[in-house]
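Below is one structure, written out as structure tokens; the observations come after it.
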Amino acid sequence: MNEKPYRVWDLPLRLFHWSLVILVAISIYTGENGGFNEMDYHMLSGYAILALVLFRVIWGFVGSEHARFSDFVRPSAIVAYSRSLLSKDIQEDKRPGHNPLGALSVLAFLVVLLVQAGTGLFANDDIFLEGPLTHLVEDEMSDDLTTVHHFAAKVLYVLVFLHLAAILFYQFVRKEPLLLAMITGRFKGRTGKSDGANLLKETAMAVVTLAVCSGFVYYLINEV
């Protein structure tokens, strides 16, 4: 086993992760409180989440090695890994990056957040607030998408709970400091190689990608 810490997750991916944590927390808080000022922030955080999710989808194809979907989305490994999860010698768990169940978690979060933020563009509260794209659909469709928006929020709560439980499991049962790795980007105790960091190139590409995603969201909410 390679005991020297090496980089697994690039800086743009880590900034995405922690920015998303903050924005989801804001969205949950403002959505649950529901006051006029809170809902303004709720909508702003939703726009930012949508831009970030679009960024992560693109980054899953153009980012560093272990940020790419092709590196960690391995359907054939999910069943075998699930069965051996409590084993003391999990071969799949020794690969760099996300394990097979972690890959499912990433995909689930992205899908639910995309649905959540996307339906929010068409949602309304039947009082004084409505999404910026409600004019594109009939009132009944807006009400249906609002229902989906609220349901997706409940699914998101479940995913957050499972995610936190998994972190605690790996931290205290498997003795793997996933939380620290997502802060530093470096992992100790798994076989593999560093993903070949190129900070300047990654930063430039991430800035351009995020700018494109943010510009697209801005166009949706202001020009469509």
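Okay, here's what the table says:
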{"read-out": "3J(HN,Hα) from dihedral phi, the range 131-139, Karplus parametrisation 6.51/-1.76/1.60, rounded to Hz, x for glycine, proline", "value": "x, x, 10, 5, 5, 8, 10, 5, 4"}
{"read-out": "Reduced Cα scattering model of the range 1-55, Debye log10 I(q)/I(0), q = 0.14 Å⁻¹", "value": "-0.47"}
{"read-out": "Karplus-derived HN-Hα couplings along the range 33-41 (A = 6.51, B = -1.76, C = 1.60, θ = phi - 60°), whole Hz, x at Gly and Pro", "value": "6, x, x, 4, 5, 4, 5, 4, 5"}
{"read-out": "Cα-based Lys proximity count in the chain, under 19 Å, for pairs eight or more positions apart or on separate chains", "value": "10"}
{"read-out": "The chain pair-distance distribution - Cα-Cα, 5 Å bins, rounded %", "value": "1, 6, 13, 17, 17, 15, 12, 9, 6, 3, 1, 0"}
{"read-out": "Relative contact order of the range 6-222, defined on C-alpha pairs under 8 angstrom at six or more residues apart (%)", "value": "31 percent"}
{"read-out": "J(HN,Hα) series, the range 114-119, from Karplus relation 6.51 cos²θ - 1.76 cosθ + 1.60, nearest Hz, glycine and proline x", "value": "5, 5, 4, 6, x, 5"}
{"read-out": "Ellipticity estimate at 222 nm from DSSP helix runs (n ≥ 4, -39,500 (n - 2.57)) divided over the chain, nearest 500", "value": "-22500 deg cm²/dmol"}
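Coordinate-derived values only; no laboratory data. Everything numeric in this text was worked out from a predicted model, so none of it was measured.
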